1. Among the residues of segment B:33-51, is there at least one that is open to solvent by less than 20 Å² (accessible area, probe 1.4 Å), of a type outside the set (Asp, Glu), over 24 Å from B:Ile106 (Cα atoms) and touching a residue at least 24 places away in the same chain (Cβ under 8 Å)?
2. Quick test for you: out of B:Ala115, B:Ala73, pick the one residue that is at pLDDT 90 or above and either within 14 Å of chain A (Cβ to nearest Cβ) or on the phi < 0 side of the Ramachandran plot (or both).
3. Testing A:Ser105 on (1) at pLDDT 85 or above; (2) within 23 Å of A:Gly161 (Cβ to Cβ), one condition comes back false. Which one is that?
4. Out of B:Val93, B:Val67, which single residue is in a helix (DSSP H, G or I), surrounded by fewer than 15 Cβ atoms within 10 Å (Cβ to Cβ) and over 23 Å from the mean Cα position of the chain (by Cα)?
5. Tell me the strands (runs of 3 or more DSSP E) entirely within segment A:40-146 that contain at least 2 residues that are closer than 27 Å to B:Asn159 by Cβ.
6. Can you tell me which of A:Arg109, A:Arg150 is touching an Asp or Glu at 6+ places or on another chain (Cβ under 6 Å), closer than 20 Å to B:Phe216 by Cβ, surrounded by 23 or more Cβ atoms within 10 Å (Cβ to Cβ) and within 9 Å of chain B (Cβ to nearest Cβ)?
7. Could you list all residues from segment A:157-200 that are more than 17 Å from A:Arg101 (Cα to Cα), open to solvent by less than 10 Å² (accessible area, probe 1.4 Å) and not in a helix (DSSP H, G or I)?
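The values are calculated or read from the model by the stated rules, or taken from the named source; none is laboratory data. None of these values were measured; they are calculated from a predicted model. Here the Cβ positions follow ideal geometry from the backbone for every residue, glycine too, while neighbour counts run over all protein chains shown. Ligands, DNA and RNA are stripped out before the accessible areas are found, and what is left, the full protein with its side chains, is counted by its heavy atoms. Shrake-Rupley method; radii C 1.70, N 1.55, O 1.52, S 1.80 Å.
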Amino acid sequence: MLMSAPRTSPDAGLPAAASDVVIDLRRASFGYGERPTVTDATLTVRRGEIVAVVGPNGSGKSTLMKGILGLNERTDGTLTLFGVPGDELRDRARLGYVPQRHTLSTSVRATAEEIVSTGRLPRIGWLGRLRATDRQIVARSLDVVGLADRAATEVSTLSGGQQRRVLIARALAGQPDVLIMDEPTAGVDAANQHVLADVLERLVERGVTMVIVTHELGALERLLTRIVVVDGGRIRFDGTPERYAAQRGAVHHDHDSHHHDDELRPHPSGVTVGPLDVRHDGRRR
Amino acid sequence: MIDLLSIDFMQRALIAALLVGTVAPMVGIFLVQRRLSLIGDGMGHVALAGVAIGLVTGVAPVWTALVAAVVAAVVIELLRTRGRTNGDVALAVIFYGGIAAGVVIISKSPDGTPANLMKYLFGSILTTTSSDLYLFAGLAVLIAATTWALRPRLFAVANDEEYARAVGIPVLPLNIVLAVLTATTVVVAMRVVGLLLISALMIVPNAASQLIARSFSGALRWAIAFGLVSAVGGVALSYPLNTPSGGTIVLLAVGLFIVTAVAATVRTQLSRRRHDIAETHPHEHGIECGHEAIPHGDHVDYVHDGHLHAAHESHYDEHGHEGVHSDTTGGAGAAGTVGAADTAGTVGAADTAGTTSTTTGTAR
């Protein structure tokens, strides 16, 4: 049986209101080429949820996230986004992707505002330019992440945490229905992690739905409504933070442990974590 | 200069230089951004094969070069994307295959003298015909218009390809368009700059502009300015000096780069000396931070424990005490000349903030 959280996941017999479901995965497998690195993933994210997808490096959590974003191949199962099949979603900016970047492009100069403006592009016509309202949205996005007075600052001079917030602002500029963040706190020092957590809290107050992929909960823990643990390419746990805390020992997403409680699914016989998982990180540019 | 303008071939060469000097850096900035600075060089190699075919068959070499370069551009981009094989090696095969075919085929044509080959490889002010000029003008307008129209999307794709794909920007088509723009620029530039030196005019002005600009739009404007000065200046100088125009243009561009590098270094030194950084500052000022915000010229000072703090790069600068905005003196000249680079497009480069608005003394 698939793990489902008591409060948040829809029951099989209780179809959710279509407008309420943001991401719906059914027995989906994702990966590159023949070998899936994530198998049999079933996951439903509804509007207003703040979901953390946690797991050790190479567990498949990034693959799962990129699968949702359509950045790698789905080899099995179904993916439904906002009620339509994932491949048929035209308005992809509804998924606000915040990638993990340790540095923003340093090959050429660009201001924070210029980077954030690219997030607005999916919302304007092909030959159109940013209008006054678009510029306002860009400015507001920078404001929400606390970078209003650094709009004209060249991004490579910003700190790692500030650059991460630029990328969040870029996603916000597209006015997404869900923010999908890859390791937003990785490589960010403690002080900036708290600034970042404050920014995310501000977004939570505005009712933004979030999926946060991370290998450590850290400063974000207090914001979450739900935790999903991925290990060995499978979803091992899906529930509230309270339930997660209670079962923490059993879930055991420690970096070197592959022990799982009986309640959790047994390790699949097929190899689900391999060199591919490492490679897709390396392929990022 | 008046004499130069009265000579027919010089008029044509100068107009061609004007066109090339504008479009080459416009396209080049995206190549720099994508770290493909040498791709234009390779397309120049392939274009030589096209020129050779034109010379042998009697078709205008500009047209055959255009076809060869555009086909190569599309193939290269597809190889780069699809490429399971080593993309680098595939490029090398195409590029050297192109130039080798060019040299061999040209040797079989009636015009295949070494002097003729030199003109194509390194540029000559004598070779631009009037029919060429119309074609160049048409292509240049096409390149400039396309680049301008697609600029935000080309920027987005070059900046973060994965993100662009995730939000549904068509990445491959845009990359192919950029490749074709590059190939077309190669052909427009081949007469005055030469096929072996074209890439320099796309890249070197951008290398110089990156040293002083603080935004993408500012960098683009500076690159076009550097490109125009190099191209037009190079053509104009090559006549009295009796030098190949391509080499002269590129040397001028490199000279501009060196001068800019020195100026930028001097400016950095000066600005480092005169700016005070607020002590360790984990707090982020903003609308809701509770500290009084005082707009001051082109920046905002936050009153923080009696100190004025203004955002600068990743930190906050000390702008003196509450009520008394510090006067920073000296170095304003250096910042004024070079630092003004791109303030037009942006709210005001943070670096100049400290120097341009410090004379008022009191903030309130």
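1. Within segment B:33-51, one or more residues are open to solvent by less than 20 Å² (accessible area, probe 1.4 Å), of a type outside the set (Asp, Glu), over 24 Å from B:Ile106 (Cα atoms) and touching a residue at least 24 places away in the same chain (Cβ under 8 Å).
2. Values: B:Ala115 fails: at pLDDT 90 or above.
Going through B:Ala115, B:Ala73 in turn, the sole match is B:Ala73.
3. Every condition holds for A:Ser105 apart from (1).
4. Working: B:Val67 fails: surrounded by fewer than 15 Cβ atoms within 10 Å (Cβ to Cβ).
From the options B:Val93, B:Val67, the qualifying one is B:Val93.
5. Numbers: elements: A:50-54, A:73-81, A:95-98.
Where strands (runs of 3 or more DSSP E) fall fully within segment A:40-146 and carry at least 2 residues being closer than 27 Å to B:Asn159 by Cβ, they are A:73-81, A:95-98.
6. Details: A:Arg150 fails: touching an Asp or Glu at 6+ places or on another chain (Cβ under 6 Å).
Answer to the selection: A:Arg109.
7. First pass over segment A:157-200, keeping only residues more than 17 Å from A:Arg101 (Cα to Cα): A:173-178, A:190-191, A:194-195, A:197-200.
So of that shortlist, the ones also open to solvent by less than 10 Å² (accessible area, probe 1.4 Å) come out as A:173-174, A:178, A:197, A:199-200.
Within segment A:157-200, A:Gly174, A:Val178 qualify.
For every residue, the table says whether it meets (1) open to solvent by 40 Å² or more (accessible area, probe 1.4 Å); (2) farther than 25 Å from B:Ala69 by Cβ; (3) not in a loop (DSSP other than H, G, I, E, B).
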residue: B:Ile143; (1), (2), (3): no, no, yes
residue: B:Leu150; (1), (2), (3): no, no, yes
residue: B:Leu195; (1), (2), (3): no, no, no
residue: B:Val204; (1), (2), (3): no, no, yes
residue: B:Trp222; (1), (2), (3): yes, yes, yes
residue: B:Leu228; (1), (2), (3): yes, no, yes
